[in-house]
Amino acid sequence: STSGNVAMHTGCHLFESRKMDDIFLSARRAGIVSVFAGGAENYSIFDTASHLYYGNLSDEEVVERGLQHFRKDGARLIRLHLQRIRDAWSGPGDTRNPRSAYVQYFVNRVDPLLGKLKSVFESAGAWERTYLILGSDHGMGQTSSSDHPPSVRSSWQGFLAFYGPGVKRGAKIAYAESP
């Protein structure tokens, strides 16, 4: 069957050891085709997905790489790391200004990409069986820099949301580790 598991994410992922099992290795053992697409060269270290894309990719290219393998190969685990939101960040005032380039990037670029994912999965009859996880590894912080200094709360208090069959609406996870 063609069901999709999708994660759109705007940051790094945890890497402690080459011996550490990850979701892509688990997918491979289960015979599931997977895709990792990220818009930064620092993702080249992560090489366990069936199909890998990283480097200076636009967010649209990142999403298209995932959808390409969903359509062509029946990929069911698709992890997409959107990075270009950082290009629109100029400082903490951006989050409170609906006209800021940062907020406008979400509205005009990220929201349509989510809409495209949903539309493709709906057309394939897979949306009702799809789990969508949206997250970030950090907020943008209190400076104009897009980094994650451990001394800044937004560096360790990221955003995470789940959508899919059986996921309880409005539920909150009281505590979870997020490096």
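Computed values, structure above
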read-out: Fraction of the pair-distance distribution of region 61-130 above 20 Å, Cα-Cα pairs, percent; value: 40 percent
read-out: Other-chain or far-sequence residues with amide H under 5 Å of residue 54's (modelled H); value: 38
read-out: Solvent-accessible area, 1.4 Å probe, carbon plus sulfur percent, for region 56-166; value: 53 percent
read-out: Residue 118 versus residue 47: modelled label distance in nm, points set 7 Å from Cα along the beta carbon direction; value: 3.8 nm
read-out: Whole-Hz couplings from phi, Karplus 6.51/-1.76/1.60, listed for region 114-121; x for Gly and Pro; value: 5, x, 5, 4, 4, 4, 5, 5
read-out: For region 34-179, share of DSSP beta bridges that run antiparallel, in % to the nearest 5; value: 30 percent
read-out: Largest-first ordering by accessible area, 1.4 Å probe, given options 86, 29; value: 29, 86
read-out: For region 96-109, Karplus couplings with θ = phi - 60° (6.51, -1.76, 1.60), whole Hz, Gly/Pro x; value: 9, 10, x, 8, 5, 4, 5, 5, 5, 4, 4, 5, 8, 10
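The values are calculated or read from the model by the stated rules, or taken from the named source; none is laboratory data. Because the structure is predicted, anything quoted here is derived from the model rather than measured. We place every Cβ from the backbone using ideal geometry, glycine too, and count neighbours over all the protein chains shown. Ligands, DNA and RNA are stripped out before the accessible areas are found, and what is left, the full protein with its side chains, is counted by its heavy atoms. Shrake-Rupley method; radii C 1.70, N 1.55, O 1.52, S 1.80 Å.
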